[in-house]
Amino acid sequence: MTTLRRQYSAAELSEVLRLHQLHLDGDPDGARANLRRADLYRAILEGANLRCANLRSANLYGAILEGANLRNADLQGANLTHADLRYADLYHADLEGAILRGADLRGADLTGADLQGAILTDADLTGADLYGADLTGADLRNAYLTRAILQGAILTNADLTRADLADADLADADLADADLADADHYTYTYTYVGADGVDITPPGDTLGVEQ
């Protein structure tokens, strides 16, 4: 049986956020925001504090989350298609299997985020910080990753077909079996370590294509 999504009025959502803030502040009268499977279609949540909130499988299509605090939030399987996540804090957020098609993630902090199997086709990640993020099996076709920080990111089996990687930092990223067909401005810096653990990488040693 399919569970119906709960819809929230602006007043109800404001109350959820108020109680969540009390919870984060350690107030016993507070309550963690439980918005699992909530219908938040085009909700206005700009600058909202949803740190550690439960947003699993929520519908956030077209939601305004610019500058929102979503650190350690559970967004597994959430629909964030065309959502505005500019400069949002998604540090260590769980976005496994999330749909971020066409989402605006410019300047967002996705450090250590779990994006395994996430759909990021046509998403704008210009200047986003994905340091150490897990993008195993993620779909990044046609994504904009200009100036994105991908140091130490896991991109195993990721699809980066026609992605724009101009000036992206891919140092120590794991690109095993990733599809980089027709990726633009792709340059990958390798690090070679000798038997004694010393970095012996030749200056300017890179592999990639500049189109």
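When the range 96-123 is filtered for residues that are surrounded by 21 or more Cβ atoms within 10 Å (Cβ to Cβ), over 9 Å from the mean Cα position of the chain (by Cα) and closer than 22 Å to A171 by Cα, the ones remaining, listed by number, are R106, Q116, A123.
Based on what the data block shows, is D134 charged (D, E, K, R), within 22 Å of N72 (Cα to Cα) and surrounded by fewer than 23 Cβ atoms within 10 Å (Cβ to Cβ)? Yes: the conditions hold for D134.
Laboratory data are not the source of any read-out in this text; all were calculated from the coordinates shown. Because the structure is a prediction, the values reported are computed rather than measured. Here the Cβ is made from the backbone with ideal geometry for all residues, glycine too, and neighbour counts use every protein chain on show.
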